[in-house]
Structures are given as C-alpha cells and as structure tokens.
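Have a look at the structure below before the remarks.
The values are calculated or read from the model by the stated rules, or taken from the named source; none is laboratory data. Being a predicted model, the structure only gives us computed values, none of them experimental. Here Cβ is always computed from backbone atoms with ideal geometry, including for glycine, and neighbour counts include all displayed protein chains.
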Amino acid sequence: MNRALRKVAVVGAAVTLVLAGCGRESGGEQEKATSVAEGKASGEVTVWAMGTEGEKLGAFAQDFMKENPDAKVTVTAVPWDAAHQKIASAIAAKQTPDVSMIGSTWQGEFAKTGALDPTPPELFQRDSYFPGAWDTTVVNDTSYGVPWYVETRVIYYRTDIAAKAGITKPPATWAELSAMAKAMQGAGAKWGINLQPGKTGSWQSVMPFAWSNGVEVSDGTKYTFDSPEMVEALRFYQSFFTGKLAPTELAEGALEPGFAKGEIAAFLSGPWMVDLIKKQGGAGFEDKFAVAPMPKQKSATSFIGGSNIAVFKDAKNRDAAWKFLQWLAQPAVQTRWYQTTSDLPAVRSAWQDPALAGDKFLKVFGEQLKDAKAPPTFATWEQVSAAFDTEVEKLAKSGEDPATVARTVQSKAEAIGTGS
C-alpha cells in the first residue's frame, strides 16, 4: 500500500467495536503490569503486522532470533484494510496472536476491551519516547504497548518560488504562512498552498492549527470541540480556501507533480512525501524545496501518528513477546528498521544516528516530533473523527460558518459519546 494511503487507512477504519471507554486524561483505575522473567526469549512469538511492516518484519526479526536462539518469531502480514476487523474478531474470539501492530488512533478502542497487556515499566520508560507518541498508548493512566514508529506533519514549500516572491526564510507564524502563500501565488504558482479540503483524514490537517491555538478536544471525560479557540483555528484554515490560495478539488495523485511543476507552492504532509517529491522532481530538485515546522500561534504543535505495537493478554508466549518488543525498541534496532522501511524511530535517542540527524529534511521532522500531539484515546474517536471530516469538507468547500462547524462537530461527538 502507498505510504500516504496507509496513514489514511490507519485513521479511517470503518468498523468500530462497541466498548466501554474513556480518554487517557481521565482518572480511571490504573491497571498494574506484570513483570517479565529475566533471561533470553524462548519459544514461538506470533506477530501480526500490516503493510510494508508485515512484508519486512519476518526477515528483519532474524537478528532477534540469532540473539535468542531458542526463540522463533512468526510474522503474519495483514492488509491494512482488513486489519481493524481482524484484530476485533480475534479479540472477541480470544484467538489473538502474541503481538500486533495497533494503529495509534485505535489504541483506546482496543485497550478498553481489556485484551491488551499493560506495558511492563521495567522494560519501557516514557522518557525514552516522544511524549505525544507515548501518550497514544495510555488509557486510564495505564500504558498498553509501546510506540513502534512515528510520523508528524510539517510544511513543504518551494524555496525557489519563495525566493522569487522575496521570501528567504520559512514561515514562523500563522500570519507569515498566509503571507507566504499569497506571495508565492503572486510569483507564479497557481496555488499558494494545498490543504486537505475534507474527506478521510482531513482532521489530521486541521488539528495542528487547532492545537497550536490552544485547543483541547477533550477534558478527559467528554469531547470539547466547541470552543472559541477551535472556531478561530477553523476560520484560519478556511481562509486559505475562501482566499483562493488552496484548491477545493485536487485530483488523486496530482499533488506531487503539481508541486514539482511549481503549480502548487506549498503543502502540509508527513515524512513519506520527501522521497516521493524527490523522485517526482528529478535530479537536483531537492535543492528547490524545503520543509519547515508548523507555524506558531500560541504554540507550534503538529499531529503525531504512526503505529504502536502491543502484547495481548491471551498471548501464549507473553514474556518472549515483550522481550521481542524490547529488542525492537533498542535505538540501534530502531535505526536499522528506519533504514529498512523508512519508518521514523519512536525512540528519541535513535535520532542521534547520522542517518537521521544528518538529513536536512528528517532533522525538521525530528524537531517537530518534540511538539506533536495525538487525539484523545476515547474508544469512539474513529466515529467522531469521521464526523469531523464531514464538517471540514463543508468548511472548505461550502463556506460553512466556522462557529457552526464547531457546534455541529460537538453535537455529533456528544451523540456518539466517549464509549464510557
């Protein structure tokens, strides 16, 4: 699956379990983790992994088996579009593997089934990870699993078009982002910027602006979309469409060639786009564009995504499963995994490796990950985010009043509930 589409698949699962649930901010009862026996791993560890990870993890795990000669890792590749239902069915039937990838926005839903094993604190510490990534594993003050790889969103822009427009540095504020988009459009670009105008996953493009304006979409017990800060963020997002700076319709696959041709001067996206853009632009094109952190309003906060990896309580080989996850979390292993799959490490110390620290594009993503957030781990987030996407489309394409959008999303979120 295309990496960009894979991210949408993680967020856009259509099937949602009916669960009891609440967010990580709530003060629910904390579940204690059971310790893991010392020594090398032994026995078979069964793993479900999706997409590129499912294709490559089996061979990659050979190094773990060399270090633990009495252990065997068996990986089953699962298509992303079937993963959510397959995990849900396995939980219901108590026929889970030992380990599975868990999309970061699925964590609350699956944790509230009671099927995930709490993370052993002696093996994993929060401070080893980017805070936003670790928070995606936490439900009722208990971590279930660990972040495996991460991604975040930054601004891509054509430096040559910016220079032609008299802009020599990336936008540091909301006002500067607007000014840059207008200036680059004036310098010949058809569109000053591309932002997602609704449809699946568009909330991921809106929420960086909302979080940067101080928005919290939950208080730990309920959804709180309808706030002055959200309205202001929605109005700013909408301004790129009402000002004709961003297209309300863009054909699938048109972004990369549009950016390479200079028709689209900037866009918001994740790290997987770097190589796609380089390939599209050809030799020397990497000198014509740059990436920049989210522009600041009250903060400069972006969205953090990626995938977690967890052990099930019904695991037949629990201790070996956790030891396999501990191995995957070693900084050197995280770096090798990045070199194998281009998945960005969730473990912060892995970013000191020259393979990441020496890359001018990835360096920006690493900095942005220090200030990146995920949505609340309510069991119903998939349903609520789908409703949010619908209202974003009205905001961008129909000119819906931002205050009305915020009220409508809040109303739909209240009707859906948190799952508690």
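Observations on the model:
- Qualifying residue in the stretch 330-346 (condition: closer than 19 Å to TRP148 by Cα, in contact with a strand residue (DSSP E or B) (Cβ under 6 Å, 6 or more places away or on another chain) and either part of a strand (DSSP E or B) or not assigned by TED's automatic domain parsing to the domain that holds GLY114 (or both)): yes
- Meets criteria (among the small types (Gly, Ala, Ser), in contact with a helix residue (DSSP H, G or I) (Cβ under 8 Å, 6 or more places away or on another chain) and either in a strand (DSSP E or B) or outside the structural domain of PHE289 (by TED's automatic domain parsing) (or both)) for ALA355: yes
Residue-wise test of (1) farther than 30 Å from ALA415 by Cβ; (2) assigned to a loop (DSSP other than H, G, I, E, B); (3) free of Cβ contacts under 8 Å to residues at least 60 places away in the same chain.
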| position | (1), (2), (3) |
| --- | --- |
| ALA175 | yes, no, yes |
| VAL231 | no, no, no |
| PRO247 | yes, yes, yes |
| GLU252 | yes, yes, yes |
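- When MET65 is tested against (1) surrounded by 21 or more Cβ atoms within 10 Å (Cβ to Cβ); (2) hydrophobic (A, V, I, L, M, F, W, C); (3) over 17 Å from ASN308 (Cβ atoms), just one condition goes unmet, and that condition is (1).
- Test: residue in the stretch 210-220 that is touching a Leu at 6+ places or on another chain (Cβ under 6 Å) and surrounded by 23 or more Cβ atoms within 10 Å (Cβ to Cβ): no
- Some residue of the stretch 165-173 being at pLDDT 95 or above, in contact with a strand residue (DSSP E or B) (Cβ under 9 Å, 6 or more places away or on another chain), surrounded by 21 or more Cβ atoms within 10 Å (Cβ to Cβ) and among the hydrophobic types (A, V, I, L, M, F, W, C): no
- Matching residues, the stretch 70-101, being assigned to a helix (DSSP H, G or I) and in contact with a strand residue (DSSP E or B) (Cβ under 7 Å, 6 or more places away or on another chain): TRP80, ALA83, LYS86, ILE87
- Filtering the stretch 262-284 to residues that are of a type outside the set (A, V, I, L, M, F, W, C) and closer than 22 Å to LEU177 by Cβ leaves GLY262, GLU263, SER269, GLY270, PRO271.
- So PRO271, is it out of contact with any helix residue (DSSP H, G or I) (no Cβ under 6 Å at 6 or more places or on another chain) and either part of a loop (DSSP other than H, G, I, E, B) or assigned by TED's automatic domain parsing to the domain that holds GLU391 (or both): no
- Test: residue in the stretch 382-390 that is of a type in the set (Phe, Trp, Tyr), more than 19 Å from the chain's Cα centre (by Cα), crowded, with 19+ Cβ neighbours inside 10 Å and modelled with pLDDT of 95 or more: no
- Residue in the stretch 63-77 that is within 28 Å of SER385 (Cα to Cα), in contact with a helix residue (DSSP H, G or I) (Cβ under 9 Å, 6 or more places away or on another chain) and in contact (Cβ under 8 Å) with a residue 12 or more places away in the chain present: yes
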